[in-house]
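Reviewing the structure listed below.
The values are calculated or read from the model by the stated rules, or taken from the named source; none is laboratory data. Given the structure is predicted, the values throughout are model-derived calculations rather than measurements. With ideal geometry, Cβ positions are generated from the backbone for all residues, glycine too; neighbour counts draw on all protein chains shown.
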Amino acid sequence: MAVILVVDDDRDTCESLARFLRRTNHVVVCAHDGQQAMTSLMDDKPDLVLLDLKMPEMDGIDFLNVIRSYLRWTALPVIVISGINDEDVEAQALKLGVKKMFRKTALKFPELQSAIEDELQSIC
């Protein structure tokens, strides 16, 4: 059972992902902006992060830049789930260690579950 941090300013999206992840036996923590996510990283010590890129306060790229500057989070798996359609932003996320990206409008839970399992296996 992994601890997964879901970071999304859309509370409905966050809750939908949390329900799905709990059914797959994961512990889920939701944060609604990058600042809350930073607190959750320290308090909840997640095994994986599901990250939206467009958020208030601290967007996803800023969040990635901050966490990648800390040695303890350089290898933390991050999967992006975002509605943003910007190749430059996506390229920045990939440079910051994101291996999997999903568009919110095309998200399929079986594909997400497979990506999560792949990422979690890579850290074991």
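Looking only at region 100-122, residues that are in a helix (DSSP H, G or I) and of a type outside the set (Gly, Ala, Ser) come to 13 in all. Any residue in region 98-116 that's at positive phi: show its pairings with residues that are assigned to a helix (DSSP H, G or I) at Cβ separation under 8 Å, as long as the two are six or more apart or on different chains. Matching pairs, first to second residue: none at all.
Scanning region 41-78 for residues that are aliphatic (A, V, I, L, M) and within 18 Å of Val28 (Cα to Cα) returns Leu41, Met42, Leu48, Val49, Leu50, Leu51, Leu76, Val78. I want to confirm something. Restricting to region 58-73 and keeping residues that are of a type in the set (D, E, K, R) and within 16 Å of Ile84 (Cβ to Cβ), which single residue is surrounded by the most Cβ atoms within 10 Å (Cβ to Cβ)? In this case the residue turns out to be Asp59.
Results for (1) in contact with a Gly (Cβ under 8 Å, 6 or more places away or on another chain); (2) modelled with pLDDT under 90; (3) of a type in the set (A, V, I, L, M, F, W, C); (4) over 20 Å from Arg23 (Cβ atoms), shown as yes or no for each residue.
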position: Asp47; (1), (2), (3), (4): no, no, no, no
position: Leu53; (1), (2), (3), (4): yes, no, yes, yes
position: Val66; (1), (2), (3), (4): yes, no, yes, yes
position: Trp73; (1), (2), (3), (4): no, no, yes, yes
position: Gly83; (1), (2), (3), (4): no, yes, no, yes
position: Val98; (1), (2), (3), (4): no, no, yes, yes
position: Lys104; (1), (2), (3), (4): yes, no, no, no
position: Leu107; (1), (2), (3), (4): no, no, yes, no
position: Ser122; (1), (2), (3), (4): no, yes, no, yes
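When residues in region 83-93 are screened for being more than 13 Å from the chain's Cα centre (by Cα) and part of a helix (DSSP H, G or I), 6 of them pass. Kindly check whether there is at least one residue in region 6-16 that is under 20 Å from Ala115 (Cα atoms), aliphatic (A, V, I, L, M), under 13 Å from the mean Cα position of the chain (by Cα) and modelled with pLDDT of 95 or more. Scanning region 6-16, I find at least one residue that is under 20 Å from Ala115 (Cα atoms), aliphatic (A, V, I, L, M), under 13 Å from the mean Cα position of the chain (by Cα) and modelled with pLDDT of 95 or more, so the answer is yes. Exactly one residue out of Arg11, Arg72 is among the basic types (Lys, Arg) and more than 22 Å from Arg103 (Cβ to Cβ): that is Arg72. Taken over region 103-124, the criterion of being among the polar types (S, T, N, Q) and surrounded by 10 or more Cβ atoms within 10 Å (Cβ to Cβ) is satisfied by Gln113, Ser114, Ser122.
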